[in-house]
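Since the structure comes first, as structure tokens, the remarks are kept for the end.
The values are calculated or read from the model by the stated rules, or taken from the named source; none is laboratory data. Bear in mind the structure is a predicted one, so any value in this text is a computation, not a measurement. We place every Cβ from the backbone using ideal geometry, glycine too, and count neighbours over all the protein chains shown. Heavy atoms of the whole protein, side chains included, go into the accessibility calculation; ligands, DNA and RNA do not. Shrake-Rupley method; radii C 1.70, N 1.55, O 1.52, S 1.80 Å.
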Amino acid sequence: MLEEVYAQTKEHMDKAIDALKRDYKSLRTGKVSTNILDGIKVDYYGTPTDLSQVGSVLAPDATTITISPWEKNLLGPIEKAIQTANIGVNPNNDGVIIKLFFPPMTVEQRQETAKQAKGMTDHAKVAIRNIRQNSNTKIKNLLKDKAITEDESKKAQDEIQKITDSYVLKADDTFKAKEAEILKV
């Protein structure tokens with residue numbers, strides 16, 4: 001029973017770390033990424049549709065993203081969706097493709113992005129601690145139901161704490177790597 005609790009704890013904490021990495025993808029680093037456009041919805045014949053589903057989104061160089069819609073009549077709605085998303089650039093529509101030119105990041109922008117990454121990391125740590133709390137509650141319930149002894153309960157809670165500490169350390173290491181990537185000129 002305890003091994004099951006440990007396995008569930010690790011699985012949920014892995015998901016928290018994966019979510020953190022997914023959140024990091026929305027942050028801008030020195031090189032522009034097409035992930036910055038994730039979550040932008042285009043009005044496609046009355047249906048909100050992901051930008052990547054209505055055209056090809058490419059990053060030909062470190063400061064440019066190009067969007068080639070599969071239908072010419074989508075240029076306007078794509079342009080409008082990008083302006084509404086407020087990602088910090090204005091779309092340039094040349095009648096065939098839309099180009100987004102991202103200026104190089106300033107030191108202040110890099111520091112602000114690093115702060116955002118720190119906030120995301122803190123949220124992940126809170127999620128990890130909540131998972132720990134849930135696991136400890138399961139262990140206490142097993143103790144209350146007389147399925148395990150008090151000694152086993154104490155050992156299990158210590159083991160959960162070790163797992164938690166290792167995942168908090170993983171979150172910190174992930175943040176340090178992302179921060180170095182953001183602050184690198």
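Only one entry of ASP18, ASP61 meets the criterion of being closer than 28 Å to ARG129 by Cβ and out of contact with any strand residue (DSSP E or B) (no Cβ under 8 Å at 6 or more places or on another chain), and that entry is ASP18. With a requirement of 3 or more residues that are open to solvent by less than 20 Å² (accessible area, probe 1.4 Å), the strands (runs of 3 or more DSSP E) lying completely within the range 50-128 that satisfy it span 64-69. For the range 1-39, give me each residue that is within 17 Å of the chain's Cα centre (by Cα), among the hydroxyl-bearing types (Ser, Thr, Tyr) and surrounded by fewer than 18 Cβ atoms within 10 Å (Cβ to Cβ). Result: SER26, SER33, THR34.
Residues in the range 40-49 that are of a type outside the set (Gly, Ala, Ser) and either open to solvent by less than 50 Å² (accessible area, probe 1.4 Å) or not in a strand (DSSP E or B) (or both): ILE40, VAL42, TYR45, THR49.
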